[in-house]
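To start, the structure under review is shown below, and the notes come after it.
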Amino acid sequence: MDDILKEFSRLNSFQKMAANSEEKYVALKAAVGSGKTTVIINRVLYLHYIKKVPLDEMMIVTFTNKAADEIKERIKKYISEDINYIGTFHSIAAKILREKIRIEDFGYTKDFKIISYQEAGDILNRIIEEGKLKVKYKSKLQKRIEEFKNGNILYGNMKNEDDIKKLYEMYGEVKKKENLMDYDDLIINCIEFLKEPLNIKHIIIDEFQDTDSMQYELIKKIASNTSSIFVVGDPNQTIYSFRTGSRDIFDRFIRDFDACIYDLPINYRSTKIITEAATALIGDKILSSGDEGEKIKISCHYDAFNEANYMLRRIKELKEKGARLGDIAILYRRQMQGDVLYDVLSREFECEFLKGLEVDKEKIDNDKLKLLTLHSSKGLEFDHIFIVGVNEGNIPIANKRDVEEEELRLFFVGITRARKTIELTYLKNPSYFGFKPYKSRYISLIPKSLVIEEDYNSKYTLNEIYDMLRLEKVKKQEIKKVVHKKYGEGIVLFEDDNTIKVQFEGYGEKEFLKAFSLCEFI
């Protein structure tokens, strides 16, 4: 009990009020890095040891298996018993279907197999081929099935133009016949088959902002009139509306249950500079318990290759100052941006691509440099964050009003992954589709007092550089000249064992790996 009292004593006043809340329905709005997992742990301890609630009357819902495992491990320090219902919506729904429902009454057996997104796609294509169905937009097949099921018209309802309705019906028949459920089925079937509430007195939901409407309905189906529901999350991190979360889910819960609202406003992760920048982006005040920290560095580069080589130099510098590769991450908006980064950086460092929202986060190697999209970065944190390609047209990726707010929240998520330093880079000569050749409007939202701007896209002509070199008393015969098949004549600005940096008339600075430079000295 002493250990538990010590754990309680570590809470700040905001955390303590939430963890010890007596209200039946609670919406806890947790600022980024504010210790929401700590509150969840202490909520469980408070309910179990102070309010004497048995663990089998609690349910903890998380967004990822990794988050569930972390909560389990931290609870085990104080409680030896296991919580029966702890995990993602899908894993909990599967458990309920197997343990609490006579699933045989609905045409399944308890050993039903859960199929992956890829397996579902294979089955759909098999049905189309065997049934000789006419189906449009095959590259968006599962999206169309989902939208048809939800009554949407974008790709789902093509009237009588193709066989999407027939495909949807045959897909359902095949799954039941072969005892299969996809991830959506787990939620939908659990709602449909569950005829009465479970004996769960306290339901705790983490990352509530990522809860979708069907998952919300499942919670309402599981809960009885006597159940307490405690939801935790950050509406400012709603970045999955394309697949799950809805920004108004907090308001909906508060309205439906007349819930009491608590806040966790103190960030324990990042420096004051970073939290002030985050506050400037989303408007909600975030307090910081950290040091002032370094200013946010913003730099301009000629193209993606030059940008990648700049990353190479900066990461070398961080390593020389004692940083571990595993504490550094490079974030980007589109997956294709990762390719040139990997090509350049993997020659020098062990790199790890993190793709997707779940599987890769289970297998993070702490000794490798991380390359990942802004979406995949959610829930992670690093000492040093680089966000590349912060160009208009990429961040935000579109100008449509319906995605503008979410794009800003996505940038906010990227910024708030950093504990110590942030660098933002943009390109003057981008080759990616949609990129504008200037920095994102989001950069201008960050107060100038918090940033340092540098331009690595040289404006000087060759003759001006010759003059500068003369002023530095470098004899002309010592200036190395090269010729490149595409860019013509240039002069070497920097050279080491692996790379060469050259200034070309009309093309600016270019950096090459020596082995692939196509430069000849003249």
Original post:
Looking only at region 171-182, which residues are open to solvent by 30 Å² or more (accessible area, probe 1.4 Å) and among the acidic types (Asp, Glu)?
Top reply: Glu173, Glu178
Original post:
Here are some conditions: (1) over 23 Å from Asn179 (Cα atoms); (2) of a type outside the set (Gly, Ala, Ser); (3) open to solvent by 20 Å² or more (accessible area, probe 1.4 Å). Phe106 meets all but one. Which one does it not meet?
Top reply: (1)
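Take the conditions modelled with pLDDT of 95 or more, open to solvent by less than 40 Å² (accessible area, probe 1.4 Å), touching a helix residue (DSSP H, G or I) at 6+ places or on another chain (Cβ under 9 Å) and part of a helix (DSSP H, G or I) and apply them to Ile254. Does it pass?
No, not satisfied.
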Subject >> Search result, residues across region 28-83 that are charged (D, E, K, R) and in a loop (DSSP other than H, G, I, E, B) >> reply: Lys51, Lys52, Lys77, Glu81, Asp82
Subject >> Every residue from region 293-323 that is farther than 22 Å from Asp383 by Cβ and among the hydroxyl-bearing types (Ser, Thr, Tyr) >> reply: Tyr302
Subject >> Conditions (1) closer than 17 Å to Ser289 by Cβ; (2) in a loop (DSSP other than H, G, I, E, B); (3) of a type in the set (S, T, N, Q): number failed by Gln15 >> reply: (2)
Original post:
Do the conditions hold for Ile465, that is, is it open to solvent by less than 80 Å² (accessible area, probe 1.4 Å), at pLDDT 85 or above and of a type in the set (Val, Ile, Thr)?
Top reply: no
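Evaluate region 131-138: report whether one residue or more is outside any loop (DSSP other than H, G, I, E, B) and aromatic (Phe, Trp, Tyr).
no
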**OP:** Answer yes or no: is there a residue in region 309-322 that is open to solvent by 10 Å² or more (accessible area, probe 1.4 Å) and in contact with a Ser or Thr (Cβ under 6 Å, 6 or more places away or on another chain).
**Re:** no
Original post:
Taking region 188-218, which residues are hydrophobic (A, V, I, L, M, F, W, C), in a helix (DSSP H, G or I) and open to solvent by 10 Å² or more (accessible area, probe 1.4 Å)?
Top reply: Ile188, Ile191, Phe193, Met214
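So which of Phe386, Phe382, Phe411, Phe435 ends up being open to solvent by less than 30 Å² (accessible area, probe 1.4 Å) and more than 27 Å from Thr271 (Cα to Cα)?
Testing whether each residue is open to solvent by less than 30 Å² (accessible area, probe 1.4 Å) and more than 27 Å from Thr271 (Cα to Cα) leaves just Phe435.
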**OP:** Could you please find all residues in region 257-276 being closer than 22 Å to Arg10 by Cα, open to solvent by 30 Å² or more (accessible area, probe 1.4 Å) and assigned to a loop (DSSP other than H, G, I, E, B)?
**Re:** Tyr268, Arg269
**OP:** Scan region 428-442 and report the pairs whose first residue is in a loop (DSSP other than H, G, I, E, B) and whose second residue is β-branched (Val, Ile, Thr), with Cβ atoms within less than 9 Å and a gap of 6+ or a chain change.
**Re:** Gly434/Ile397; Ser440/Val390; Ser440/Ile395; Tyr442/Val390; Tyr442/Ile395
**OP:** Provide a single number: the residues in region 282-309 that are more than 30 Å from Val344 (Cβ to Cβ), among the charged types (D, E, K, R) and touching a residue at least 40 places away in the same chain (Cβ under 8 Å).
**Re:** 1
**OP:** Tell me which residues, restricted to region 506-522, are open to solvent by less than 30 Å² (accessible area, probe 1.4 Å) and within 13 Å of Asn306 (Cα to Cα).
**Re:** Gly508, Glu509, Lys510, Glu511, Phe512, Leu513, Ser517
Original post:
What are the pairs, 6+ residues apart or on separate chains, where a residue within region 69-86 that is closer than 16 Å to Ile204 by Cβ has its Cβ under 8 Å from a residue that is of a type in the set (Gly, Ala, Ser) and assigned to a helix (DSSP H, G or I)?
Top reply: Ile86/Ala68
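State yes or no: is Lys66 among the basic types (Lys, Arg), open to solvent by 10 Å² or more (accessible area, probe 1.4 Å), over 22 Å from the mean Cα position of the chain (by Cα) and at negative phi?
It is false that Lys66 is among the basic types (Lys, Arg), open to solvent by 10 Å² or more (accessible area, probe 1.4 Å), over 22 Å from the mean Cα position of the chain (by Cα) and at negative phi.
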**OP:** Go over the candidates Val32, Val26, Val61, Val53 one by one and state the one that is in contact with a Cys (Cβ under 9 Å, 6 or more places away or on another chain) and either surrounded by fewer than 21 Cβ atoms within 10 Å (Cβ to Cβ) or closer than 23 Å to Asp212 by Cβ (or both).
**Re:** Val26
**OP:** Kindly list the number of the only condition in (1) in a helix (DSSP H, G or I); (2) under 30 Å from Ile71 (Cβ atoms); (3) at pLDDT 85 or above; (4) open to solvent by 60 Å² or more (accessible area, probe 1.4 Å) that fails for Asp185.
**Re:** (4)
Original post:
Which of the residues that make up region 69-88 are closer than 17 Å to Asp3 by Cα and more than 27 Å from the chain's Cα centre (by Cα)?
Top reply: Lys76, Lys77, Tyr78, Ile79, Ser80, Glu81
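Looking only at region 311-353, count every residue that is in contact (Cβ under 8 Å) with a residue 24 or more places away in the chain and either out of contact with any helix residue (DSSP H, G or I) (no Cβ under 8 Å at 6 or more places or on another chain) or outside any helix (DSSP H, G or I) (or both) and tell me the total.
Going through region 311-353 one residue at a time, the tally reaches 22.
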Original post:
Hey, Lys428 hits all of (1) out of contact with any His (no Cβ under 8 Å at 6 or more places or on another chain); (2) open to solvent by 30 Å² or more (accessible area, probe 1.4 Å) but one; which does it fall short on?
Top reply: (1)
Subject >> For Arg470: the one exception among (1) outside any helix (DSSP H, G or I); (2) at pLDDT below 90 >> reply: (1)
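The values are calculated or read from the model by the stated rules, or taken from the named source; none is laboratory data. Note that the structure is a prediction, hence the values are computed from the model and not measured. Counting neighbours? That spans all protein chains shown, and the Cβs are built from the backbone with ideal geometry, glycine included. Just the protein is used for accessible areas: all its heavy atoms, side chains included, with ligands, DNA and RNA removed. Shrake-Rupley method; radii C 1.70, N 1.55, O 1.52, S 1.80 Å.
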